[in-house]
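Below is one structure, written out as C-alpha cells; comments come after it.
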Amino acid sequence: MTSDEQAGGDKGRGAVRGKLSTDAQDKIGEKLRGMYETVATEPVPEKFLDLLKSLEEAEQGQKRDDE
C-alpha cells in the first residue's frame, strides 16, 4: 500500500486533497490582509533604524576606500 492510499488519497479517480472552497479562501484572505495592514502601519523599531544607519555609514565608508 502506498503512503497516498494510507492517507486516503485516490489518484486514479482525480480526487483533490486539501482544496479549499472559494468562501474559505476569501475568509483566509480577509484575515491575512487585516493582519498585514496592522503590521504594515506599525512604526519601525528604533533598533532597526539604528542598524540601517550603521550599515549605510559602513557602505559609504567602503565606497570612499574604493575610490
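Can you find a residue that is among the small types (G, A, S) and at pLDDT below 70 anywhere in region 20-39?
no
Among the residues that make up region 52-66, is at least one of them at pLDDT 90 or above, assigned to a helix (DSSP H, G or I) and among the small types (G, A, S)?
Yes, because at least one residue in region 52-66 is at pLDDT 90 or above, assigned to a helix (DSSP H, G or I) and among the small types (G, A, S).
Quick check on region 7-19: of everything there that is part of a loop (DSSP other than H, G, I, E, B) and either in contact with a helix residue (DSSP H, G or I) (Cβ under 9 Å, 6 or more places away or on another chain) or modelled with pLDDT of 60 or more (or both), which residue is surrounded by the fewest Cβ atoms within 10 Å (Cβ to Cβ)?
Checked region 7-19; the qualifying residue surrounded by the fewest Cβ atoms within 10 Å (Cβ to Cβ) is G18.
The values are calculated or read from the model by the stated rules, or taken from the named source; none is laboratory data. Just so we're clear, the structure is a prediction, and the values are computed from it rather than from any experiment. Ideal geometry is used to build each Cβ from the backbone, glycine not excepted, and the neighbour counts take in all protein chains shown.
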